[in-house]
Amino acid sequence: MILPIITYPNEILRQKAKKIKNPKDKEIKDLILDMIETMEKSGNALGLAAPQVGQSIRLCIIKLDGKTYILINPKISRKSWKKETTEEGCLSFPGKFIPIKRSRKVTVKALDKNGEEIIIKAEGLLARAFQHEIDHLDGVLFIDR
Ligand code: CO
């Protein structure tokens, strides 16, 4: 099911999202499927965070180079000192693109869709997408960066 995307300045985008206690619940699995479908239908977005579809919980998905990353309760455990500036967009800000400075490499710890702990090391565009989406879970938007 394609979900409506919440756009700025809706206040849900500013809330700190809640930790997911039962990652294997059916409602979480259904939401993940809906979010993937919603993102795929929305053009060339790289990621979508649950608050953007009205759910203030710590879940985001990222799709890059044909690979889909499902992150539940993600945390950035390492950020490179080295940064890079690239233009970014956000589904909650249709048509808006701004250059944003972010760490070039990050390490993310999260739970996957089976509730198993995963650690992902990313760089470049993938690292950027992780930082952008995890920011959403803390109510931080790219216009703040
Ligand atoms: Co965004």
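Rule-based calculations on the coordinates, nothing more; no lab input. Remember, it's a predicted structure, so these values are computed and weren't measured experimentally. Because the Cβ atoms are built from the backbone with ideal geometry, glycine has one as well, and the counts that use them run over all protein chains shown.
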Using Cα-Cα distances under 8 Å and only pairs 6 or more residues apart, what relative contact order does the chain have, in percent?
27
For the chain, what percent of Cα pairs sit more than 20 Å apart?
42
Length released on extending from Glu123 to Thr68, taking residue separation times 0.36 nm less the Cα-Cα span:
18.2 nm
Additional length obtainable on full extension of the chain from Thr85 to Lys41, 0.36 nm per residue less Cα span
13.1 nm
Tell me which GluC sites (Glu not before Pro) from the range 62-107 have a DSSP coil assignment and no more than 12 other beta carbons within 10 Å of their own.
none
Percentage relative contact order, the range 1-62, counting C-alpha pairs under 8 Å, at least six apart
46
Hey, how much of the P(r) for the range 89-134 falls beyond 12 Å, as a percent of Cα pairs?
67
